[in-house]
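Q: Structure below; questions to follow.
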Amino acid sequence: MSALFDDLDRLDIDAHVRRWSGPEAGRGGGAVSQWMAAAQQFAARVQADPDGVTDKQWRAIAQAWPALLAAAERATGPQHHEWLMRDLWFRSWLLERVGPREDVPLFDPGPVLDGALDAMPMSPEEAAVLAPRWRELERPQILSLRTARRLLAPVRSLAPLLGDHPRWSEYEAWERLSGSLP
C-alpha cells in the first residue's frame, strides 16, 4: 500500500481526486504521518488556486476530500480529532475564499458548525463551571477545555453565514466562554 502515498507532491488536483476516490484508498494502511502528508498535499493543491478550480472539479473534490479523511481515520484512528480539525479548517478556509454554494456540499457552512459542536467534549454549562478554575483541574479536564477552544476556532470566521443555523445559539453559548478557556 505504500504506492498510495508515492509522489504526493507531484499530483495535481485531478490526480488527488482519483487517488482518494478510488477503492484502494479505503483499504489503505499507512502511518499517521503519511495520511497527514496526503491531506496536506491535497489541501495545498486546492488552496494554491481555488479560482482555477472548475465546477466539475469542485464536485469531485467534495467527494474525494471526505473519502481521504475517512480512510485516514479508519487506518489510524481519530488521532485526537486530527482528521476532524483538518476538515473543519479546510472547509472554513474554502467558505471564506469561495463562499457558500448549494451545488457543492463542501461549501455548506452548516457541517462546520455541526462537526465542531458534535465533537465538544462537554456541555457549555459544564465548561462554564470548569473554565474559570482551569489551573486547578486535572490534566484530562484541561485538555477537554482546550479541545473545546480549538473546535470553536474554525467556526468563528463563518459567523455571518450561520446566523440562521438551528444550532447557532449553542455555538454562541460556547463562544461566550471562549475567553476563559485555556
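The values are calculated or read from the model by the stated rules, or taken from the named source; none is laboratory data. As the structure is a prediction and not an experimental result, all values here were calculated from the model. Here the Cβ positions follow ideal geometry from the backbone for every residue, glycine too, while neighbour counts run over all protein chains shown. Side chains are part of the model used for accessible areas, which takes the heavy atoms of the whole protein and leaves out ligands, DNA and RNA. Shrake-Rupley method; radii C 1.70, N 1.55, O 1.52, S 1.80 Å.
Q: Tell me, what is the 1.4 Å probe accessible area of Glu138, in Å² to the nearest 10?
A: 130
Q: Give me the angle, in degrees from 0 to 90, between the Cα long axis of helix 139-156 and the longest principal axis of the Cα atoms of the chain, rounded to the nearest 10.
A: 60
Q: To the nearest 10 square angstrom, how much accessible area does Leu113 have with a 1.4 angstrom probe?
A: Using a 1.4 Å probe on the heavy atoms, I get roughly 0 Å².
Q: For Cα pairs less than 8 Å apart in space and 6+ apart in sequence, what is the mean separation divided by the residue count of the chain, i.e. the relative contact order in percent? Could the numbers behind the result be given before it?
A: On the way: 174 pairs, mean separation 35.1, N = 182.
The value is 19 percent.
Q: What number results when the radius of gyration of the chain, computed over Cα atoms, is divided by 2.2 N^0.38 Å?
A: On the way: Rg = 17.7 Å, N = 182, 2.2 N^0.38 = 15.9 Å.
Relative to the rule-of-thumb radius for its length, the chain sits at 1.11.
Q: Tell me the accessible surface of Met85 in square angstrom (1.4 angstrom probe, heavy atoms of protein chains only), to the nearest ten.
A: Near enough 20 Å² of accessible area.
Q: For the chain, with only Lys/Arg (+1) and Asp/Glu (-1) charged at the beta-carbon, what is the dipole magnitude about the Cα centre, in debye rounded to 20? Walk me through the numbers before you get to the answer.
A: Numbers: 21 positive and 26 negative charges, 84 e Å.
Magnitude of the dipole: close to 400 debye.
Q: If you take all C-alpha pairs in region 1-67, what percent of them are over 18 Å apart?
A: 29
Q: Around Ser169, under 15 Å between beta carbons, what's the net of Lys plus Arg minus Asp minus Glu among the other residues?
A: Values: positive: Arg167, Arg176; negative: Asp114, Glu125, Asp164, Glu170, Glu172, Glu175.
The answer is -4.
Q: When the accessible area of the chain is split by element with a 1.4 Å probe, what percent falls to carbon and sulfur? Could you put the intermediate results ahead of the total?
A: On the way: 4620 of 9360 Å².
About 49 percent, which is the carbon plus sulfur part of the accessible surface.
Q: Per residue, how much accessible surface does the chain expose to a 1.4 Å probe? Answer in Å², no decimals. Mind showing how you got there, number by number?
A: Working: 9360 Å² over 182 residues.
Roughly 51 Å² per residue, with all protein chains present.
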